[in-house]
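What follows draws every value from the coordinates through simple rules; no lab data is involved. Predicted model, so just to flag it, every value in this text is computed and none were measured. Because the Cβ atoms are built from the backbone with ideal geometry, glycine has one as well, and the counts that use them run over all protein chains shown.
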Amino acid sequence: MDELVITSRLPRTRPTRVYARRVRGFADRVRQVGAFIRLGRPVFLVGGLVFYGLGAAIAMFVEGGRAIDWRRYVWGQIAVTAAHLMTHYSNDYFDFEADRANVTPTRWSGGSRVLPAGELPRQAALITALALALLACGATAILIGHAGAPAGVAALMAAIVFLSWEYSAPPLRLHSTGWGELNTALVVTLLTPLIGFHLQADRLGHLLSPLPGHEGARAGCNDRDHQERKPAVPAPTLDADPHPALPARPGGVAPDVRK
């Protein structure tokens, strides 16, 4: 009788163990996703979002309330955000040894602590950084090839990607040579709003128009553009007689024009 009871309970324990393994596997996947997000430190993307939007808003003001080209805006934001995220992942990869040796990390230094804690393999950070760099370049190509963005956007985006990568990557490693703060300020507070402006205002020269002394220059530029579009008026011929012949009076006598 006891053997029958034991054998009747065995099939019930197997599904329970399988279910427990699945729950643990799902929990591990959730923890890995959370670690991957923390590795990117998305809270530091706020500055890029704000300054990019500021550049587009300045373009609207300079262009006299011109509507935003949302296709350019969205693809430009994707390119800028991908470049900024690339910096976070590459920074944790190249600073792995320094972050592991740092026993007093803060919110602003020491990285995300994901890699030193072994929550994700180190190579995951490098692969993600390279993928984000390709995403930034691809979004830039779409901007120029399909959204009609000016070619200067490619140069600005190339500068952002290069400086963002060299923040912690060799050979420059700007954050280790005293140029890291300047590099960050240049990328976030200058190049990011500048690319947001250039995507909405095709001419970067319009950025100076609200400043004193540039209103006349822009007005002259607009006048030249208007003259170029104005149809040409034929000039009068020089050999035309300024005093056309007057009709003769009846009887064949011409009127006296001296009266």
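Observations on the model:
- Length added when fully stretched, F162-R29, from 0.36 nm per residue minus Cα-Cα: 44.6 nm
- For region 112-203, the spread of Cα coordinates along the three principal axes comes to 47, 29, 21 Å, biggest extent given first.
- Phi-based couplings in Hz for region 169-176 (Karplus 6.51, -1.76, 1.60; Gly and Pro marked x): 8, x, x, 7, 6, 4, 6, 9
- Prolate/oblate/rounded call for region 2-205, Cα gyration tensor, a/c under 1.5 rounded: prolate
- Computed packing ranks the peptides 143-156, 101-114 as 143-156, 101-114, most packed first, by mean other Cβ atoms within 10 Å.
- Over all projection directions, the Cα-based convex hull of region 53-168 averages an area of 8.3 nm².
- Other residues lying with their Cβ under 14 Å from the Cβ of L174 contribute a combined charge of -2, Lys and Arg counting +1, Asp and Glu -1.
- Label zone at T106 (point 7 Å along Cα-to-Cβ), backbone N below 15 Å, region 173-202: 181
- Protection proxy ranking of 180-191, 158-169 - average other beta-carbon atoms within 10 Å, highest first: 158-169, 180-191
- J(HN,Hα) series, region 181-190, from Karplus relation 6.51 cos²θ - 1.76 cosθ + 1.60, nearest Hz, glycine and proline x: 5, 5, 4, 4, 5, 5, 6, 7, 9, 10
- Computed from the Cβ-Cβ distance with R0 of 45 Å, the FRET efficiency linking V18 to W70 stands at 0.35.
- Phi-based couplings in Hz for region 146-158 (Karplus 6.51, -1.76, 1.60; Gly and Pro marked x): 10, 9, x, 6, x, 5, x, 4, 5, 5, 5, 5, 4
- Descending by average beta-carbon neighbour count within 10 Å, the peptides 129-142, 40-53 line up as 129-142, 40-53, the highest first.
- Cα centroid separation, region 161-207 to region 140-156 (Å): 17 Å
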